[in-house]
Amino acid sequence: MSKKVISFLLSICILISATSTVFGENTFSFEKIDDANAVLVGKVTKISKDTIKLSKISDELWSDIKLDEAFDYNIKDTNPNYFILNTGKFDEGQFHDGDVIKAYFLYYFHVDRKSANGEEHPYKLVTFQKYEKQVSIEDKAKFLCDLGILNGYDDGQLHLERNITRGEFTSLIMKIYFDYECNYFSEVQLKKPFPYQDVPKDYWARKYIELAYWKNIINGKNKDTFSPNESITIKDCVTVLIKASAISMSKENALSVSVNRLGGYPEGYLSIAKESKLISDQLAGKVATREDAIEILYNAYNHEPDVTYTFQARKPVIYLYPEKETNVNVKVSFDGVFTFTYPEYNKGWSVTAKTDGTLVSGATEYPYLFWEGDVEKYTPVFDEGFLVSKKETVSFLEEKLSLLGLNAKERADFITYWGPQLMKNEFNIIKFDTKEYASKVSLNIEPNPDSLIRVFMVYKAANGSEKVKEQVLSKAERKGFVAVEWGGTTDES
């Protein structure tokens, strides 16, 4: 059985979906359903002592069951109108016909919902709550205990009034997001030495802290001190949670960009937390109690807002070269908003294009059409590209832009804009992500050009030691009526 499947079978975790980007959008969605569990609101019908039927009462409260594409089983009929649930771990008297409950149950055990004789396979009910009931802090604590996240102290009490420590909160977060890795933790996995001398090997939370450090989820008080027994603040609780959620989905780079755009630490993390309803009016600098931590973690399990942060598409410019003077209409479409256009974009541009590329709108001539905007739903991945040093930047751009079809003037415009920004870094990873960009930003030109050349560059700073799979670029040709667009963005924007 693959490690991926084992992780599903052993983990009870949140799915915090981070559709992220260095250009279009960072979305942190706290979903109702993760890779192993369903969280659905439905109506109860008792079937037997140990089983109930949970039926759909509305589409809004009945989320689709989602499966990871890499999951090895072909789960059939994953959006039924009801589920049969095994309630053997609960008292029979807790369920009554007509009750509306929010049920958290495991659905990954069966390929088919029905056995060979037509009987429904029951799914294991992990925990439940009466829907729209006023949920007390004790209910929320029980919820986390039922999921195996929260434990009491040696005296059997949860002591919600106590301050939660840095070590305790780290362990909760790691159990939520990286349960498999925590269960099968080995120091040989670590990519860097563990520096915190105040966390000895026999410390109860050592493996959680060590793994969190390795994944860049936590920071120490200084380079060799973590202070695991010190209290943690609300702002640091949400910071650790949001960083863990992004890292678990391999979206930490995009999170960093979002946080920087929102004011850095702690403002950026707090802004995301408030938009996601993880916190409300809690004071950011307040020392967190165990009750505060339970509220934050419970909210993460039970809210599903879409919190969107957009990134700027920087200086896409459009050149037009018809074979004869032509009236041309140009429209740019994307999810998001323009932040600047020149000339003014009024449901599109209508210009007279001359053969030398001069564009006339009204009484004014323009060398190109210019726009910038905040664009959503674009996720470039630096899976390939080029590692380029500062001193090689200009020659690299000359060579690649020529290959991609830009003429001397267009290359000069591109390089004089992007060159100074790229050369702020000693090294950059550069990728021409035009295909993905074009799937999110459509360009409609009438009459249709014979050659449409689009170039969109993304880059990020590098240290020079990275291993980068070299991107293969195709040579572009210019013939007939030629239209050219170039633009770009950076993870620092």
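Odds and ends about this structure:
- Checked against (1) touching a residue at least 60 places away in the same chain (Cβ under 8 Å); (2) of a type in the set (Gly, Ala, Ser); (3) surrounded by 15 or more Cβ atoms within 10 Å (Cβ to Cβ), Gly464 passes all but condition (3).
- Within the stretch 307-323, restricting attention to residues that are at pLDDT 75 or above and in a loop (DSSP other than H, G, I, E, B), the residue that is nearest to Val240 (Cα to Cα) is Pro322.
- Among the conditions (1) modelled with pLDDT under 95; (2) in contact with a Phe, Trp or Tyr (Cβ under 7 Å, 6 or more places away or on another chain); (3) over 26 Å from Ser258 (Cβ atoms); (4) among the hydrophobic types (A, V, I, L, M, F, W, C), Val330 misses just one, which is (1).
- Residue match in the stretch 374-395 (condition: of a type outside the set (A, V, I, L, M, F, W, C), more than 16 Å from Thr490 (Cα to Cα) and surrounded by 18 or more Cβ atoms within 10 Å (Cβ to Cβ)): no
- Of residues in the stretch 179-205 being in a helix (DSSP H, G or I) and either of a type in the set (S, T, N, Q) or under 16 Å from Glu230 (Cβ atoms) (or both), the one modelled with the highest pLDDT: Asn183
- When the stretch 265-306 is filtered for residues that are at pLDDT 85 or above, outside any helix (DSSP H, G or I) and under 30 Å from Val375 (Cβ atoms), the ones remaining, listed by number, are Tyr265, Pro266.
- Inter-residue pairs, beta-carbon under 9 Å, first under 16 Å from Gly487 (Cβ atoms) and in contact (Cβ under 8 Å) with a residue 24 or more places away in the chain and in the stretch 407-428, second part of a helix (DSSP H, G or I) and among the charged types (D, E, K, R), 6+ apart: Leu422/Lys390
- Scanning the stretch 359-380 for residues that are touching a Ser or Thr at 6+ places or on another chain (Cβ under 9 Å) and in a loop (DSSP other than H, G, I, E, B) gives Pro367, Glu376, Lys377, Tyr378, Thr379, Pro380.
- Contacts under 6 angstrom Cβ, first residue in the stretch 355-384 being of a type in the set (S, T, N, Q), partner assigned to a loop (DSSP other than H, G, I, E, B), 6 or more apart: Ser361/Pro343; Thr379/Thr21
- Of residues in the stretch 117-164 being of a type in the set (Lys, Arg) and outside any strand (DSSP E or B), the one farthest from Phe83 (Cα to Cα): Arg162
- Only listed residue being surrounded by fewer than 15 Cβ atoms within 10 Å (Cβ to Cβ), in contact with a strand residue (DSSP E or B) (Cβ under 9 Å, 6 or more places away or on another chain) and among the small types (Gly, Ala, Ser), chosen from Gly156, Gly152, Gly148: Gly148
- Under the condition of being surrounded by fewer than 18 Cβ atoms within 10 Å (Cβ to Cβ) and in contact with a Leu (Cβ under 6 Å, 6 or more places away or on another chain), the residues counted in the stretch 396-414 number 1.
The values are calculated or read from the model by the stated rules, or taken from the named source; none is laboratory data. Bear in mind that the values here come from a model prediction, so they are computed numbers and not experimental data. With ideal geometry, Cβ positions are generated from the backbone for all residues, glycine too; neighbour counts draw on all protein chains shown.
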